[in-house]
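Trainee: My questions will all concern the structure given below.
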Amino acid sequence: AKKLGKNNYQFFTPEMNRSAQQYIKLEKYLRRALEQNEFVLHYQPQVDVKTGRIIGMEALIRWMNPKLGLVNPADFIPLAEDTGLIVPIGAWVLKTACKQAKFWQQNGFPIRVAVNMSSRQFHQIQSQQQSQHPLLDDVLNALDESDLPPELLELEITESILMQHLDTTMEILNALKNIGIRLSIDDFGTGYSSLSYLKRFPIDILKIDKSFVNDITTDPSDKAIVAAITVMAQQLKLEVVAEGVETLAQLEFLRKLQCNFVQGYYFSKPLSADDGYAYLLAQDDL
Ligand code: C2E
Ligand code: CA
Ligand code: CA
Ligand code: CA
C-alpha cells in the first residue's frame, strides 16, 4: 500500500486496516453475545420532583465481552441496528427489563421500567404466519413471561421512529397503547419532526434531551426551550421527564418550571440490578 499516491495512501494505513478488522471482529463477537450471555441491563432511577420518590427506572444495556472488555451502547447499538441484531437483542432487553420490574413490584416497589426502542424493531417484516407485528409479539411475550402489569412498562421511542413508516408505526403504537403500555418520546426536541405528531400518536411522556438541561442555568435559550416544552406538555396532558440532571441548581430550575420527573447523575448513574434494588430499599428507609 505504499506507492498509490498521496490520496489513496490513507486508505491503507495500518491504523485504518486495524479499525476495519476491529469492526469485523466486533460484528463477529456481537453475533455470539446473546447466546454467551454477555449483555446486562443497568437501571437509572427517575425521581418525582415533588415527592423525591423513585417512580421508575430506565433500562440501559451494557455489553461485557471477555476480549473487548466493557463496550458502551454508543459503540455497538449502531452496528446492532445495521446488522439487524438489534431485533433479538431488543427482545432480550424487553424480557429482562420486565422480569426486573416484576421483581421490584413483588418486593413492594410498583415502579415502571422504561425500555429504549430502536427503529429496526418497528420495521420488522411481518410474515404470513404472524397474526400481529413481531414487535407486538416480543412485547406481549415479555409481559406474559414476567407477569408484569402493562402499566409498569414504558417504551422510549425517538422522533425519527415516528417519522418513518407512518402507517405501521401508528398501528403498532395504538396497539401498545390499548394494551396499557406507556409511551414516551426520547431525546425530545433533537429530531427534525413536526410537533403535529404529538396529537396524532398516543404519547404519554416527553423526555427532554440532556443537551437542553446541561446549560439550563446559564443559557437563556435552553431555559426558554425547556420552559416552553413543559408548558406545552401540561396543556397536552403529557408528563415531562428531564434527563441528564447533574446538579442541584439544574434540579431547582426544573422544579420551578414544573417539570414532573428528573433523571441524571445528580441522583444516580445507571446501576446494576443489585445496586438499583439496594437504592430502592435505601430510599424506603428515609
Ligand atoms: P439515551 O436513551 O438518551 O440514554 C441516556 C444516556 O445518558 C445513557 O447513556 C445514560 O447513562 C446517560 N446519562 C444519564 N444521566 C446522565 C447525566 O446526568 N449526564 C450525562 N452526561 N449522561 C447521563 P448510555 O447508557 O451510554 O446509553 C447511550 C444510548 O444508547 C442511549 O441514550 C440509548 O439511545 C442507547 N441505548 C441504551 N440501552 C439501549 C437499549 O437497550 N436498546 C436500544 N435500542 N438503545 C439503547
Ligand atoms: Ca432513553
Ligand atoms: Ca435520551
Ligand atoms: Ca437516544
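The values are calculated or read from the model by the stated rules, or taken from the named source; none is laboratory data. Since the structure is predicted, the reported quantities are computational estimates derived from the model, not experimental observations. Note that each Cβ is placed from the backbone with ideal geometry, even for glycine, and that neighbours are counted across all protein chains shown. Just the protein is used for accessible areas: all its heavy atoms, side chains included, with ligands, DNA and RNA removed. Shrake-Rupley method; radii C 1.70, N 1.55, O 1.52, S 1.80 Å.
Trainee: Does at least one position in segment 177-189 carry a residue that is of a type outside the set (Val, Ile, Thr) and out of contact with any strand residue (DSSP E or B) (no Cβ under 9 Å at 6 or more places or on another chain)?
Mentor: yes
Trainee: Here is a follow-up. Tally time: how many residues in segment 122-143 are surrounded by 15 or more Cβ atoms within 10 Å (Cβ to Cβ) and of a type in the set (Val, Ile, Thr)?
Mentor: Total meeting the criteria: 1.
Trainee: Right, another one. Might you let me know whether segment 188-208 holds any residue that is open to solvent by 60 Å² or more (accessible area, probe 1.4 Å), touching a Ser or Thr at 6+ places or on another chain (Cβ under 9 Å), more than 18 Å from GLY90 (Cα to Cα) and modelled with pLDDT under 90? Talk me through it step by step, then tell me what you get.
Mentor: Start the filter on segment 188-208 by keeping residues that are open to solvent by 60 Å² or more (accessible area, probe 1.4 Å), which leaves 190, 192, 195, 199-200.
Next, only the ones that are touching a Ser or Thr at 6+ places or on another chain (Cβ under 9 Å) stay: 190, 192.
Those still in the list that are more than 18 Å from GLY90 (Cα to Cα) too: 190, 192.
Add one more test, that the residue is modelled with pLDDT under 90, and what stays is 190, 192.
There is at least one residue in segment 188-208 that is open to solvent by 60 Å² or more (accessible area, probe 1.4 Å), touching a Ser or Thr at 6+ places or on another chain (Cβ under 9 Å), more than 18 Å from GLY90 (Cα to Cα) and modelled with pLDDT under 90.
Trainee: Then there is this: If ILE161 satisfies every condition in (1) within 21 Å of GLN132 (Cβ to Cβ); (2) away from ligand 4 (no atom under 15 Å from the Cβ); (3) modelled with pLDDT under 95 but one, which is the exception?
Mentor: Checking ILE161 against (1) within 21 Å of GLN132 (Cβ to Cβ); (2) away from ligand 4 (no atom under 15 Å from the Cβ); (3) modelled with pLDDT under 95, the one that fails is (2).
Trainee: Inspect segment 126-134 for any residue being touching a helix residue (DSSP H, G or I) at 6+ places or on another chain (Cβ under 6 Å), away from ligand 3 (no atom under 16 Å from the Cβ) and not acidic (Asp, Glu) and give the result as yes or no.
Mentor: First, pick out the residues of segment 126-134 that are touching a helix residue (DSSP H, G or I) at 6+ places or on another chain (Cβ under 6 Å): 133.
Add one more test, that the residue is away from ligand 3 (no atom under 16 Å from the Cβ), and what stays is 133.
Add one more test, that the residue is not acidic (Asp, Glu), and what stays is 133.
Taking every residue of segment 126-134 in turn, at least one turns out to be touching a helix residue (DSSP H, G or I) at 6+ places or on another chain (Cβ under 6 Å), away from ligand 3 (no atom under 16 Å from the Cβ) and not acidic (Asp, Glu).
Trainee: OK, next. Quick one: in segment 233-251, of everything that is among the charged types (D, E, K, R) and open to solvent by 70 Å² or more (accessible area, probe 1.4 Å), which residue is nearest to the chain's Cα centre (by Cα)?
Mentor: Here the answer is GLU246.
Trainee: May I ask you to verify whether THR230 is open to solvent by 60 Å² or more (accessible area, probe 1.4 Å) and among the β-branched types (Val, Ile, Thr)?
Mentor: Spelling it out, it is not the case that THR230 is open to solvent by 60 Å² or more (accessible area, probe 1.4 Å) and among the β-branched types (Val, Ile, Thr).
Trainee: How many residues are free of Cβ contacts under 8 Å to residues at least 24 places away in the same chain and either farther than 26 Å from ILE61 by Cβ or open to solvent by less than 20 Å² (accessible area, probe 1.4 Å) (or both) if we restrict to segment 252-272?
Mentor: Going through segment 252-272 one residue at a time, the tally reaches 2.
Trainee: Among (1) surrounded by fewer than 16 Cβ atoms within 10 Å (Cβ to Cβ); (2) closer than 15 Å to SER119 by Cα; (3) more than 15 Å from the chain's Cα centre (by Cα), which single condition is GLU151 missing?
Mentor: (2) is the only condition that GLU151 fails.
Trainee: Checking the condition open to solvent by less than 70 Å² (accessible area, probe 1.4 Å), more than 16 Å from ligand 3 (Cβ to nearest atom), assigned to a helix (DSSP H, G or I) and among the β-branched types (Val, Ile, Thr), which residue from ILE24, ILE55, ILE89, ILE77 passes?
Mentor: Just one listed residue meets the conditions, ILE89.
Trainee: Shifting gears a bit: Test LYS67 against the criterion of being open to solvent by 60 Å² or more (accessible area, probe 1.4 Å) and under 15 Å from ILE181 (Cβ atoms), and give yes or no.
Mentor: When the stated conditions are applied, LYS67 does not pass them.
Trainee: I'm trying to understand the selection: among the residues of segment 233-244, which are in a helix (DSSP H, G or I) and within 26 Å of MET57 (Cβ to Cβ)?
Mentor: ALA233, GLN234
Trainee: Could you tell me which numbered condition ASN116 fails, if it satisfies all but one of (1) under 23 Å from GLU171 (Cα atoms); (2) buried (at least 21 other Cβ atoms within 10 Å of the Cβ); (3) within 16 Å of ligand 2 (Cβ to nearest atom); (4) not aliphatic (A, V, I, L, M)?
Mentor: Here ASN116 clears every test but (2).
Trainee: Still on this structure: Give me the residue from segment 209-227 that is open to solvent by 80 Å² or more (accessible area, probe 1.4 Å) and over 20 Å from GLN263 (Cβ atoms) and, out of that set, farthest from ligand 4 (Cβ to nearest atom).
Mentor: Among those residues, the one meeting the criterion is PRO220.
Trainee: Here are the criteria: (1) under 28 Å from PHE109 (Cβ atoms); (2) open to solvent by 60 Å² or more (accessible area, probe 1.4 Å); (3) within 16 Å of ligand 1 (Cβ to nearest atom). Tell me which single one LEU60 does not satisfy.
Mentor: LEU60 satisfies all of (1) under 28 Å from PHE109 (Cβ atoms); (2) open to solvent by 60 Å² or more (accessible area, probe 1.4 Å); (3) within 16 Å of ligand 1 (Cβ to nearest atom) except (2).
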